[in-house]
Amino acid sequence: MAIEPVVTPGLNADDHVLVDWLELVAFFNEFRTARLDELDAAIEEQFEALEDDQPDDDTDDLGYDDAGNIARIDAEKERVRERIENEVDFRLKDCDSAYPFRLGDDAEELVLVEDWQDDRFTPYLTCLVTTHLTKKSLFDFEVTDELIQRLRNRVFQVLSTFAMAGLASGSAASIGWPRTDKADIIATLKRAEARGAGFQTRDAPGRYTPPKEKDGGVDVISWQIDVRPPPILFYFAQVASGHNWPGKPVSTHSKLFERHYMDDPHRGNVSYATLIPFRVADEDQWNNEHVIHGALLDRTRLPKNAVLGQALARDGVEIDESENMPQVLAWLSDFRATALA
């Protein structure tokens, strides 16, 4: 296995995929560094492979075609460098202080920050790794089912709960199954109600509630902290770590959720959010899915809001999962160790 267990993307890869590749190389690299000349070498190899498939009829003794190829390769390298710099710059700005990579002064290398294990950076790194656990993966090793299950069941839920607290500038309750404290939905909602969530919880699920329902299609609720309920802003949120999230908003579940579990639903402004680990680079899709989902917290929005949520927890705001950030680093470290084994 290569030192950095990732597959080089093709020449036609999108900008965000090329930067993902560099980030993963740096994440796995002993010196936390991905050199862009590695990508240059890949470009040269792929150009050579393309040339090998072409007829060689017009080549003269002076190597005219070789000179033309060198010029084309150099031009392609320059274009790729510019695209990478633009994408890294976007991530750095949109993630704010939660982005764990830096371009070198000469833009010849992408470097993972030395303190990448800090809780400020693990949300982004977890989203990066999660992006490539399913289709179009850049990994060239087999990820164990145990690691995937830990991610789906706990790690991404923990990050999303912090992120929703940060988005609402307040508290958040972790509803998604499996819940770490084994509490049922009623007990979880009563705990949120006591923290000023602004609704009244039923004593038992409504008569039409499916008997085996685990979370009612709602993974997180969050609300703005205020002196008295109802809070000005309240969110229903859905956590989607897989690629089948488009067109599946939490709003389709919220009304039934209120009917099944609340005697008196929230009376303030109700909003909706979907949390995903992916970098949504297509502007048309980005805007269209906002119409469907409400708010989208993708890889550049989720981490900075998770950092805000952590700060709220440190300041004494009660947030579900607040003691579980160590699970995120433990998973990330185990994943890295498995890849490098």
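In this entry, Glu193 is excluded by the filter for residues that are loosely packed, with under 15 Cβ neighbours inside 10 Å and not hydrophobic (A, V, I, L, M, F, W, C).
Against the list (1) within 19 Å of the chain's Cα centre (by Cα); (2) farther than 30 Å from Asp20 by Cβ; (3) not β-branched (Val, Ile, Thr), the condition Gly198 fails is (1). Restricted to the stretch 170-184, and to residues there that are open to solvent by 10 Å² or more (accessible area, probe 1.4 Å) and of a type outside the set (Ser, Thr, Tyr), the residue that is nearest to Gly316 (Cα to Cα) is Asp181.
Do you know which of the residues in the stretch 26-41 that are part of a loop (DSSP other than H, G, I, E, B) and closer than 15 Å to Gly104 by Cα is least open to solvent (accessible area, probe 1.4 Å)? Ranking the qualifying residues of the stretch 26-41, first place goes to Arg32. Looking at the stretch 252-341, the strands (runs of 3 or more DSSP E) lying wholly inside it that each contain 1 or more residues that are more than 21 Å from Pro231 (Cβ to Cβ) and either open to solvent by less than 50 Å² (accessible area, probe 1.4 Å) or among the aromatic types (Phe, Trp, Tyr) (or both) sit at 295-297. Entry remark, the stretch 179-197: residues being touching a Lys or Arg at 6+ places or on another chain (Cβ under 8 Å) and within 22 Å of Leu297 (Cβ to Cβ) number 2 in total. When we screen Asp115, Asp145 for residues that are open to solvent by 30 Å² or more (accessible area, probe 1.4 Å) and modelled with pLDDT of 95 or more, the only hit is Asp115. If you filter the stretch 51-88 down to residues that are of a type in the set (A, V, I, L, M, F, W, C) and surrounded by 11 or more Cβ atoms within 10 Å (Cβ to Cβ), you find that the one that is modelled with the highest pLDDT is Val88. Within the stretch 196-228, track down each residue that is part of a loop (DSSP other than H, G, I, E, B), open to solvent by less than 40 Å² (accessible area, probe 1.4 Å) and on the phi < 0 side of the Ramachandran plot. Selection gives Ala197, Phe199, Gly206, Thr209, Asp215, Val218, Asp219. Kindly establish whether Thr134 is modelled with pLDDT under 95, touching a Gly at 6+ places or on another chain (Cβ under 7 Å) and surrounded by fewer than 23 Cβ atoms within 10 Å (Cβ to Cβ). It is true that Thr134 is modelled with pLDDT under 95, touching a Gly at 6+ places or on another chain (Cβ under 7 Å) and surrounded by fewer than 23 Cβ atoms within 10 Å (Cβ to Cβ). Within the set Arg207, Arg202, Arg152, the sole residue that is in contact (Cβ under 8 Å) with a residue 12 or more places away in the chain and out of contact with any helix residue (DSSP H, G or I) (no Cβ under 8 Å at 6 or more places or on another chain) turns out to be Arg152.
Kindly establish whether Phe236 is in a strand (DSSP E or B) and in contact with a strand residue (DSSP E or B) (Cβ under 8 Å, 6 or more places away or on another chain). For Phe236, the condition - in a strand (DSSP E or B) and in contact with a strand residue (DSSP E or B) (Cβ under 8 Å, 6 or more places away or on another chain) - is met. A single entry from Leu159, Leu167 fulfils the requirement of being in contact with a Pro (Cβ under 7 Å, 6 or more places away or on another chain), closer than 28 Å to Leu133 by Cβ and surrounded by 15 or more Cβ atoms within 10 Å (Cβ to Cβ): Leu159.
The values are calculated or read from the model by the stated rules, or taken from the named source; none is laboratory data. Note that the structure is a prediction, hence the values are computed from the model and not measured. Neighbour counts run over all protein chains shown; Cβ positions are idealised from the backbone, glycine included. The protein model used for the area step is the full one, side chains on, heavy atoms only, and it has no ligands, DNA or RNA in it. Shrake-Rupley method; radii C 1.70, N 1.55, O 1.52, S 1.80 Å.
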